[in-house]
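S.K.: Before we start, here is the structure in question, set down as structure tokens.
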Amino acid sequence: MDDYNKNKIATRAVHSGEVRFNEYGSVTTPIVQTSTFIFRNVEEIRKLADGDMERFEYGRYGHPTQLAAERKLAALEEAEDAILFSSGMSAITTSLFMLLKAGDHLIITDDAYKRTLDFCKSYLGRYNIECTVVRMCDYEAMENAIQPNTKVFFSESPTNPYLNIMDLERLTEIFGKRDITVISDSTFATPFNQKPLEYGVHLVIHSATKYLAGHNDLLSGVLLGKKELTDPIREFLKITGGVIDPNSSYLLIRGLKTFPLRMERLNSNAQVVAEHLEANAKINRVYYPGLSSHPHHDVAKRQMKGFGAVVTFEVKDDAEYVLNFLSRLKILSIGPSLGGVESLITHPATISYYMHTPEERMELGIKDGLIRLAVGIEDPEDIVEDIDQALAGAE
Ligand SMILES: *Cc1c(COP(=O)(O)O)cnc(C)c1O
């Protein structure tokens, strides 16, 4: 395989990880649609068993399309190794199960992805793994939460829905000198905007479902870092089985080729939209790390190349008004998720937190007037116009 790692990100996105001359001269990496790989003779089985031959054996242990996608992702994140999973949650749960054992302790920040928090708070306890939830960006609380049995620190940056930014330098100052594995879910940042590994974070996780695949058409997750850390997790995945299939691997490769192009456009679209919303009198507050009004704007400017494409805002605290607004949108679609070419908008109070009581939502900071917009690659003027007409008509 040719090495494109000296090249810039746009070139790596197109070429890294892939074989230059495929079967039949195919310019694209083939979808090797098979569950198993046959042996020519018994000699080949022996060679594989003795480690004298590198080849594929069975789909759950890895396949060629997956391998190409993993190598491309490693090149983009500038990581030694990448492992693909069937979803972001599969990457998170398999990694944490492997890194933790009974009697261990884990620290996680309070505005992490809802299902990750759920897993840590409600399920790991069954295996006698203790979990402390600390306030995001409260660095003193993070340090104070450390116990002799703390093995993992898990956080995200930026977070959902307020786009809080973890200061990665301070994070490694606290955890770097200890024997604690620091994991960052970097889904909202992507390797285009932020490289946590450069700051000493040990493992990076992405829901590749979002910006990396980029087209709202597949689920997958990726874990990246040094091989000495990823190797045991790759072995464990062969048992837990949450593997990515050949078709999704191919779609991910295809999506990744335009990843830098899409991110450039998404960063600039989101900045335009955020600035426009901030100037709109019907909007009480806008949360976007690219705005100087964001509490972590300075940290974001220091450690990020761009500010991503999620913009959160507050209109008046009236659920009826918000639902009216959402139903008047003509271009933006109502739906969870983010990172695709289509703009998606959600009302966290009704879409993600509907099972919570109003009091619980208040405690979590999920107000009725809160709206999360995942900006897409449409023309920014059209996005802004769509929001304006829906706000005006919702009164
Ligand atoms: C979506 C998401 C996940 C979960 O990923 P799936 O691919 O949906 O399993 C984890 N973390 C963050 C920050 C996400 O946005």
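The values are calculated or read from the model by the stated rules, or taken from the named source; none is laboratory data. Everything numeric here is computed off the predicted structure, so don't read it as measured data. In this analysis, Cβ positions are derived from the backbone assuming ideal geometry, glycine residues included, and neighbour counts consider all displayed protein chains. Ligands, DNA and RNA are excluded from the accessible area calculation, which covers all protein heavy atoms including side chains. Shrake-Rupley method; radii C 1.70, N 1.55, O 1.52, S 1.80 Å.
S.K.: Can you check what the net charge comes to around residue 390, using other residues whose Cβ is under 13 Å from the Cβ of residue 390 (Lys, Arg +1; Asp, Glu -1)?
M.R.: Computed value for this residue: -2.
S.K.: Farthest toward the dipole's positive end in the range 9-256, which of 241, 90, 202, given Cβ charges of +1 (Lys, Arg) and -1 (Asp, Glu) about the Cα centre?
M.R.: 241
S.K.: So for the range 275-335, averaging the separation of alpha carbon pairs under 8 Å that are six or more residues apart and normalising by length, what relative contact order in percent results?
M.R.: Result for the range 275-335 is 31 percent.
S.K.: Right, here's the next one. With unit charges on the beta carbons (Lys and Arg positive, Asp and Glu negative) and the dipole taken about the Cα centre of the chain, which residue among 389, 45, 171 sits farthest to the positive side?
M.R.: 45
S.K.: List, largest first, the extents of the alpha carbons of the range 259-392 along their principal axes, each in whole Å.
M.R.: Sorted from largest, the Cα extents of the range 259-392 read 39, 32, 28 Å.
S.K.: Here's something else I'd like to know. Take residue 58 and residue 126, extend 7 Å from each Cα along the Cα→Cβ direction, and tell me the distance between the two endpoints in nm.
M.R.: 2.5 nm
S.K.: So how long is each side of the range 31-118 along the principal axes, counting just the alpha-carbon atoms, biggest first, in Å?
M.R.: Rounded to whole Å, the extents work out to 54, 32, 24 Å.
S.K.: What number do you get for the range 220-320 when its Cα radius of gyration is normalised by 2.2 N^0.38 Å, N = residues?
M.R.: Normalised by 2.2 N^0.38 Å, the Cα Rg of the range 220-320 equals 1.52.
S.K.: Please get the size of the charge dipole for the chain, origin at its Cα centre, with Cβ charges of +1 on Lys and Arg and -1 on Asp and Glu, quoted in debye to the nearest 20.
M.R.: Around 780 debye, computed over the chain.
S.K.: For the range 146-283, what is the percent of antiparallel DSSP beta bridges, rounded to the nearest 5?
M.R.: The answer is about 40 percent antiparallel.
S.K.: Quick check on the chain: of the DSSP beta bridges with both residues there, what percent are antiparallel, nearest 5%?
M.R.: Just about 55 percent of them are antiparallel.
S.K.: Could you grab the relative contact order for the chain? Cα pairs under 8 Å, six or more apart, rounded to a whole percent.
M.R.: The value is 16 percent.
S.K.: Still on this structure: Per q in 0.06, 0.13 Å⁻¹, report the Debye log10 I(q)/I(0) for the chain, using one uniform scatterer on each alpha carbon and no solvent.
M.R.: -0.25, -1.12
S.K.: Let me ask you something else. Mind jotting down the distance between the C-alpha centroids of the range 250-298 and the range 181-225, whole Å?
M.R.: When both Cα centres are located, 17 Å separates them.
S.K.: Quote the relative contact order of the range 229-336 in percent (integer), defining contacts as alpha-carbon pairs under 8 Å separated by 6+ residues.
M.R.: Over the range 229-336, the number comes to 21 percent.
S.K.: Suppose all protein chains stay in the model; what accessible area per residue would a 1.4 Å probe give for the range 259-392, in Å²?
M.R.: Accessible area per residue: 45 Å².
S.K.: Taking the Cα centre of the range 13-81 as origin, work out the dipole magnitude from +1 charges on Lys and Arg Cβ and -1 charges on Asp and Glu Cβ, in debye rounded to 20.
M.R.: Details: 8 positive and 13 negative charges, 62 e Å.
That gives the range 13-81 a dipole magnitude of about 300 debye.
S.K.: Expressed as an acute angle from 0 to 90° and rounded to the nearest 10, what is the orientation of the C-alpha long axis of helix 227-240 relative to the principal long axis of the chain?
M.R.: 90 degrees
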